[in-house]
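Asker: Here you go, one structure.
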Amino acid sequence: MEFYIRYSTAFIINLALIFLALVMAFLSFFASFSGEGLLKYLYLIWMLVAFVRYISYKKYLYLKFNRRPALVVTTDYILDTANDIKYFWKDIDGSDVTGSLLYLWMKNPVRYINFITNPYRRFRASRMIKSNKDTPFAINTDVLTIDSGQLQEIIVNFMKRTGKQADAVAS
């Protein structure tokens, strides 16, 4: 099963924020010629806002405009293409839904930390695992064409098919 990016409210709001920050940076840049002091550098703050939002949403933009699935569920694994992590069914212990995030508990989470490409996220994930807090492996279902509860049901059904005890918490 393949699930694609949808135009959710959060997705549209973030696209609008990127666009508006770029417009404000453009306007602030040309207004800075008449300004004095630090106000003439206000466009840098707007550029920073646009850049940070773009960095956090570029993977979703790429998947949406190239019409590629953001999540692929097969009989062997779950492929989260937005985060570029493949979760094998044999390694999944359970799942839980909190809001629009689907959390996955892994048998050997240290193995999956190496697949996280963002150094900051990798550091946070390793700290979470060492302190035995929540799982760092989450799938953002807010931008997907499937609800997090429905995705959890699919995961529970696949876990039952593979003969595993499903530790998923129904919400």
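The values are calculated or read from the model by the stated rules, or taken from the named source; none is laboratory data. Here the structure is a predicted model, which is why all the values come from computation and not from measurement. Here the Cβ is made from the backbone with ideal geometry for all residues, glycine too, and neighbour counts use every protein chain on show. For accessibility, only protein heavy atoms count, side chains too; no ligands or nucleic acids. Shrake-Rupley method; radii C 1.70, N 1.55, O 1.52, S 1.80 Å.
Asker: With respect to residue 94, determine if the residue is closer than 23 Å to residue 142 by Cβ, of a type outside the set (Lys, Arg) and more than 16 Å from the chain's Cα centre (by Cα).
Answerer: yes
Asker: Return yes or no: is residue 56 crowded, with 18+ Cβ neighbours inside 10 Å and either at negative phi or at pLDDT 85 or above (or both)?
Answerer: It is false that residue 56 is crowded, with 18+ Cβ neighbours inside 10 Å and either at negative phi or at pLDDT 85 or above (or both).
Asker: When you go through (1) under 26 Å from residue 159 (Cα atoms); (2) touching a Leu at 6+ places or on another chain (Cβ under 9 Å); (3) open to solvent by 80 Å² or more (accessible area, probe 1.4 Å) one by one for residue 68, which number turns out not to apply?
Answerer: (2)
Asker: Could you tell me which of the residues 68, 127, 122, 111 is part of a loop (DSSP other than H, G, I, E, B) and either of a type in the set (Lys, Arg) or at pLDDT 80 or above (or both)?
Answerer: Result: 68 is the single residue among 68, 127, 122, 111 that is part of a loop (DSSP other than H, G, I, E, B) and either of a type in the set (Lys, Arg) or at pLDDT 80 or above (or both).
Asker: Restricting the first residue to the range 1-23 and requiring it to be in contact (Cβ under 8 Å) with a residue 40 or more places away in the chain and small (Gly, Ala, Ser), which pairs with a second residue that is surrounded by 12 or more Cβ atoms within 10 Å (Cβ to Cβ) and part of a strand (DSSP E or B) meet a Cβ separation below 9 Å and a spacing of at least six or different chains?
Answerer: 8/144
Asker: Right, next: Cβ-Cβ under 9 Å, sequence separation 6+ or interchain: first residue in the range 25-43 and exposed (fewer than 10 other Cβ atoms within 10 Å of the Cβ), partner at pLDDT below 75. Which pairs?
Answerer: 33/40; 34/40
Asker: Let me ask something else. List pairs: first residue in the range 52-69 and touching a residue at least 12 places away in the same chain (Cβ under 8 Å), second residue loosely packed, with under 15 Cβ neighbours inside 10 Å anywhere in the structure, Cβ distance under 6 angstrom, at least six positions apart or on different chains.
Answerer: From the range 52-69, the pairs are 69/2.
Asker: Now for a different question. Mind listing just one residue for me: the one in the range 138-148 that is in contact (Cβ under 8 Å) with a residue 12 or more places away in the chain, open to solvent by 20 Å² or more (accessible area, probe 1.4 Å) and over 7 Å from residue 102 (Cα atoms) and, of those, nearest to the chain's Cα centre (by Cα)?
Answerer: 142
Asker: Check off (1) open to solvent by 80 Å² or more (accessible area, probe 1.4 Å); (2) over 21 Å from residue 6 (Cα atoms); (3) at pLDDT 80 or above; (4) in contact with a helix residue (DSSP H, G or I) (Cβ under 9 Å, 6 or more places away or on another chain) for residue 133 and give me the number that stays unchecked.
Answerer: With respect to (1) open to solvent by 80 Å² or more (accessible area, probe 1.4 Å); (2) over 21 Å from residue 6 (Cα atoms); (3) at pLDDT 80 or above; (4) in contact with a helix residue (DSSP H, G or I) (Cβ under 9 Å, 6 or more places away or on another chain), residue 133 is out only on (3).
Asker: Ok, one more. Give me a count of the residues in the range 81-108 that are in a loop (DSSP other than H, G, I, E, B) and in contact with a strand residue (DSSP E or B) (Cβ under 6 Å, 6 or more places away or on another chain).
Answerer: Going through the range 81-108 one residue at a time, the tally reaches 1.
Asker: Those residues that are closer than 27 Å to residue 66 by Cα and out of contact with any Ser or Thr (no Cβ under 8 Å at 6 or more places or on another chain), I need them from the range 84-119; list them, please.
Answerer: 85, 86, 87, 88, 112, 114, 115, 116, 117, 118, 119
Asker: With respect to residue 84, determine if the residue is of a type in the set (Asp, Glu), modelled with pLDDT of 75 or more and under 21 Å from residue 56 (Cβ atoms).
Answerer: yes
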